[in-house]
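As structure tokens, the structure follows; a few thoughts come after it.
The values are calculated or read from the model by the stated rules, or taken from the named source; none is laboratory data. These figures come from a predicted structure and were not determined experimentally. No Cβ is skipped: glycine too gets one built from the backbone with ideal geometry, and neighbour counts run over all protein chains shown. Just so you know, the surface numbers come from the protein's heavy atoms only, side chains and all, with ligands and any DNA or RNA stripped out. Shrake-Rupley method; radii C 1.70, N 1.55, O 1.52, S 1.80 Å.
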Amino acid sequence: MAHQLLSSASKLEKFLLSRLDHLQTWRKLSLLRNGPRISAIEQVQQQWRLLCNKPPKGFEKYFKQGQKTKEAPKEAEGPAKDSKSSQSAEAPSSKSPGSSSSGRKKDFTYGFYPGKNMGGEGGGPFQGNDKWLTLGAVGTLGIIGVLMFSEGGKEITWREFVYGYLNKGTVEKLEVINKKWVRVRLLPGTSTDGTLWFNIGSSDTFERNLENAQLELNIEPQNHIPVVYKNEMESGHLVSYLPTIITIGLLLYFTRSTASMFSKGGRGKGLFGNVTSSTAKLINPNEIGVRFKDVAGCEEAKIEIMEFVNFLKNPQQYINLGAKIPKGAILTGPPGTGKTLLAKATAGEADVPFLTVSGSEFLEMFVGVGPSRVRDMFAQARKHAPCILFIDEIDAVGRKRGGKSFGSHSEQENTLNQLLVEMDGFNTTTNVVVLAATNRIDILDKALLRPGRFDRQIYVPAPDIKGRASIFKVHLQNLKTNLDKIELSRKMAALTPGFTGADIANVCNEAALIAARDKRESIIMKNFEQAIERVVAGMEKKTNVLQPEEKKTVAYHEAGHAVAGWFLQHADPLLKVSIIPRGKGLGYAQYLPREQYLYTKEQLFDRMCMTLGGRVSEEIFFHRITTGAQDDLQKVTQSAYAQVVHYGMNEKVGTVSFEMPQPGDMVLDKPYSESTAQLIDQEVRIMIDTAHKHTTALLTKHKADVNKVAERLLKQEILSRDDMIELLGKRPFPEKSTYEEFVEGTGSFEEDTTLPEGLKEWNKARDSSDTKPDGSSTEPPISPSDPPKNQPEQRV
């Protein structure tokens with residue numbers, strides 16, 4: 001092995017020396033011949049230097065533009081410096097080629113010296129200890145490559161060794177290396193092409209064969225060839241150790257980088273730098289296209305958020321009255337009501353820094369990452385104070401402590417504890433307001449909701465009919481339609497009871513998509529009606545082929561719903577009934593519920609009867625039942641249990657209300673006894689049987705009407721309200737169907753959007769002209785002779 005290294009090194013040295021001598025001679029001859037012209041080697045050097053100084057395309061942002069910043073002040077130094085620079089620019093051309101080349105060599109550092117690499121100071125790829133690590137790795141790989149690809153002598157066979165060298169008596173000794181191969185040492189003066197060697201299977205077999213060969217050649221035992229055993233390091237051994245060396249090197253590198261990160265306090269460095277740093281994003285208001293004028297239907301919540309911004313912009317307005325700035329507010333409400341949209345509008349319109357983060361970003365697989373990110377997030381907030389910090393979906397990190405969770409429960413509790421400490425550690429002068437949003441406030445920890453952390457709980461409900469009209473006005477602004485948008489928004493608000501802001505946005509978008517699908521130049525009213533059906537009942541399935549018997553069953557089923565609701569006083573007015581399959585259902589009936597928050601026992605009973613109309617119609621006309629009423633029966637059962645268990649509307653069970661588990665929750669035990677459970681089941685069954693009998697009597701009375709509606713459905717597939725009036729006559733009960741009728745008696749047709757007097761200029765910083773720097777009032781002092789107003793005079 002040592003011989004291989006020495007021979008390889010000597011060959012490499014001779015090659016380099018010969019090449020360098022030839023290169024120097026060629027360069028001198030080219031300089032003498034061409035004079036001041038640049039040689040080809042120097043041209044290559046210039047191109048290489050230009051390549052090193054210019055960063056690769058697409059990676060310019062990773063290199064600091066240090067040279068540009070240095071050139072900027074030079075341009076402003078005046079014409080005197082310009083003249084000097086022009087003289088210095090002409091100077092190199094008058095110098096000798098040798099001096100110019102030496103100057104270029106000084107600048108040509110290939111990025112290995114600090115301050116002269118790409119992009120100015122400190123911007124190169126090799127900096128500090130990284131340069132030596134890179135050079136060491138390259139050198140190690142080079143040595144291993146030389147050892148692997150260097151010439152290892154001439155390999156011969158056992159037959160060639162015996163008859164070509166042993167038979168001639170030119171072998172001095174044999175060296176068995178690592179018990180794998182044999183190096184043949186010849187007598188001095190024997191000419192060879194290099195070191196001779198051959199492989200062996202085992203040392204014992206080799207000695208036996210060697211002894212037999214020497215006996216066959218009649219070599220005396222005292223003249224036998226000596227055999228020496230050696231252990232040497234081979235290039236194959238180095239290659240086998242290479243993965244281990246690389247792994248240890250990487251671990252050492254990352255360990256040193258991590259240690260330097262913690263010692264210098266840098267963010268985003270080392271192995272765990274990006275993990276422990278906060279992911280909170282500072283929002284640029286120019287990138288947010290949402291303003292408060294784009295948020296409608298939640299005026300009370302909007303005023304609350306505006307007041308928070310006014311706290312930060314004009315704190316003196318509240319401090320003068322002795323008020324303290326609230327430290328936080330939490331937005332709650334059903335999904336799609338505009339909680340995150342309010343936060344976006346605040347970020348886009350408030351003139352204070354706005355940081356946003358998601359609650360799930362605090363939970364990672366590493367222990368301690370969550371609390372570290374919370375600390376870093378609030379440190380960023382303090383740097384940008386006054387500012388607003390928004391935590392979306394805070395229920396991911398703010399769940400109740402001490403529950404029945406497993407796994408990462410302790411890490412979640414540690415994160416929540418750190419969040420509680422950071423929020424409670426704020427004082428009134430930091431000017432950092434924390435906003436959060438969630439639709440599961442029932443699972444949040446009580447310590448997180450107490451005053452001092454989240455001083456206010458802002459509930460964002462589903463909009464009423466006026467709020468829906470305001471939301472439709474916002475979304476109809478960008479739609480192309482020839483309809484009156486104010487009248488259209490009111491009509492759509494009346495047709496969409498219970499819709500949230502997200503549902504309304506989806507309806508407007510679906511209407512535009514349907515109009516584009518039909519290649520219309522503008523959106524018509526029919527497109528909006530189709531969009532409501534698409535959102536409520538699902539996509540229309542025209543390719544779903546029903547057998548004639550099944551289609552007839554669906555028609556009589558939907559006719560039973562329509563007729564039962566038509567002749568029940570407290571049922572919702574019918575808008576449309578169809579037997580075209582939509583979504584998961586084979587037919588559907590669309591009603592117009594009233595804006596109602598309180599329901600009586602009679603109203604709930606009529607709703608149950610209307611829901612059972614489909615099953616009763618099947619029993620009357622076909623004397624058999626199908627599985628199509630499964631969803632209706634589920635709704636009736638839920639309504640009956642709610643009346644008995646929640647609302648206390650049963651005489652036998654009494655005026656009690658039991659808390660029932662939510663859908664998806666684990667049910668371990670019931671909040672009432674077994675006898676009470678049996679009583680509840682009996683009363684629910686009695687209530688459903690009563691509704692069933694009442695519906696049967698009603699549809700039996702109007703059997704001809706059900707038959708007419710079903711036959712018309714089989715013919716047209718869709719019946720509107722006008723078709724129902726034509727078949728059944730006008731509904732015998734008063735009902736409301738227009739926007740004006742719904743909002744009658746509420747004071748106005750539009751939503752009240754007036755701001756309080758103190759928030760008229762909520763987003764403008766006002767000069768505190770009525771206060772002194774020390775906080776005292778600038779009003780004229782009251783003389784001792786004038787008693788204060790509304791105070792009794794002092795007796796002398």
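Worth pointing out:
- Subset of segment 387-415 that is open to solvent by less than 70 Å² (accessible area, probe 1.4 Å), over 30 Å from Asn284 (Cβ atoms) and not acidic (Asp, Glu) - its residue that is modelled with the highest pLDDT: Gln412
Residues checked against (1) open to solvent by 50 Å² or more (accessible area, probe 1.4 Å); (2) of a type in the set (Asp, Glu); (3) under 17 Å from Gly164 (Cβ atoms):
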site: Asn178; (1), (2), (3): no, no, no
site: Thr205; (1), (2), (3): yes, no, no
site: Glu216; (1), (2), (3): yes, yes, yes
site: Asn223; (1), (2), (3): yes, no, no
site: Pro226; (1), (2), (3): yes, no, no
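- Selection of segment 602-653 for residues being β-branched (Val, Ile, Thr) and in a loop (DSSP other than H, G, I, E, B) yields Ile625, Thr626, Val653.
- Note on segment 519-553: residues that are out of contact with any helix residue (DSSP H, G or I) (no Cβ under 9 Å at 6 or more places or on another chain) and open to solvent by less than 40 Å² (accessible area, probe 1.4 Å) total 3.
- Wholly enclosed strands (runs of 3 or more DSSP E) of segment 161-257 bearing at least 3 residues aromatic (Phe, Trp, Tyr), in contact with a His (Cβ under 7 Å, 6 or more places away or on another chain) and at pLDDT below 85: none
Residue-wise test of (1) open to solvent by less than 30 Å² (accessible area, probe 1.4 Å); (2) among the aromatic types (Phe, Trp, Tyr).
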| site | (1), (2) |
| --- | --- |
| Lys601 | no, no |
| Asp631 | no, no |
| Val636 | yes, no |
| Gly654 | yes, no |
| Phe658 | no, yes |
| Pro671 | no, no |
| Ala677 | yes, no |
| Ala697 | no, no |
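- Matching option when the condition is in contact (Cβ under 8 Å) with a residue 40 or more places away in the chain and either in contact with a Lys or Arg (Cβ under 8 Å, 6 or more places away or on another chain) or open to solvent by 50 Å² or more (accessible area, probe 1.4 Å) (or both), among Thr346, Thr340: Thr340
Rundown of residues vs (1) crowded, with 21+ Cβ neighbours inside 10 Å; (2) at pLDDT 85 or above; (3) assigned by the TED database to the domain that holds Pro451; (4) within 24 Å of the chain's Cα centre (by Cα), yes/no style:
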{"position": "Leu312", "(1), (2), (3), (4)": "no, no, yes, no"}
{"position": "Asp351", "(1), (2), (3), (4)": "no, no, yes, no"}
{"position": "Gly359", "(1), (2), (3), (4)": "no, no, yes, yes"}
{"position": "Met365", "(1), (2), (3), (4)": "no, no, yes, yes"}
{"position": "Val374", "(1), (2), (3), (4)": "yes, yes, yes, yes"}
{"position": "Met377", "(1), (2), (3), (4)": "yes, yes, yes, yes"}
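- Checking each residue in segment 295-310 for being part of a helix (DSSP H, G or I) and buried (at least 16 other Cβ atoms within 10 Å of the Cβ) picks out Glu299, Ala301, Lys302, Ile303, Glu304, Ile305, Met306, Glu307, Phe308, Val309, Asn310.
- Top-ranked residue in segment 520-576 [being among the basic types (Lys, Arg) and assigned to a helix (DSSP H, G or I); ranked as nearest to Thr700 (Cα to Cα)]: Lys552
- So Arg456, is it open to solvent by 70 Å² or more (accessible area, probe 1.4 Å), at pLDDT below 90 and either assigned by the TED database to the domain that holds Asn417 or out of contact with any Phe, Trp or Tyr (no Cβ under 8 Å at 6 or more places or on another chain) (or both): no
- The condition (being surrounded by 10 or more Cβ atoms within 10 Å (Cβ to Cβ), part of a helix (DSSP H, G or I) and modelled with pLDDT of 70 or more) is satisfied by just one residue among Leu714, Leu719, Leu755: Leu714.
- Residue that is crowded, with 22+ Cβ neighbours inside 10 Å and of a type in the set (A, V, I, L, M, F, W, C), where the choices are Ala502, Ala516, Ala511: Ala511
- Checking each residue in segment 473-529 for being over 25 Å from Phe292 (Cβ atoms), small (Gly, Ala, Ser) and modelled with pLDDT of 90 or more picks out Ala511, Ala515, Ala516, Ser522.
- Boolean, Thr738 is of a type in the set (Ser, Thr, Tyr), at pLDDT below 90 and over 14 Å from Ala562 (Cα atoms): yes
- When we screen Val433, Val474 for residues that are under 21 Å from Pro335 (Cβ atoms), in contact with a helix residue (DSSP H, G or I) (Cβ under 8 Å, 6 or more places away or on another chain) and of a type outside the set (S, T, N, Q), the only hit is Val474.
- Flag if Gly124 is outside any helix (DSSP H, G or I), at pLDDT below 60 and small (Gly, Ala, Ser): yes
- Residue check, Tyr556 more than 18 Å from Val536 (Cα to Cα), in the same structural domain as Ala710 (by the TED database) and open to solvent by 10 Å² or more (accessible area, probe 1.4 Å): yes
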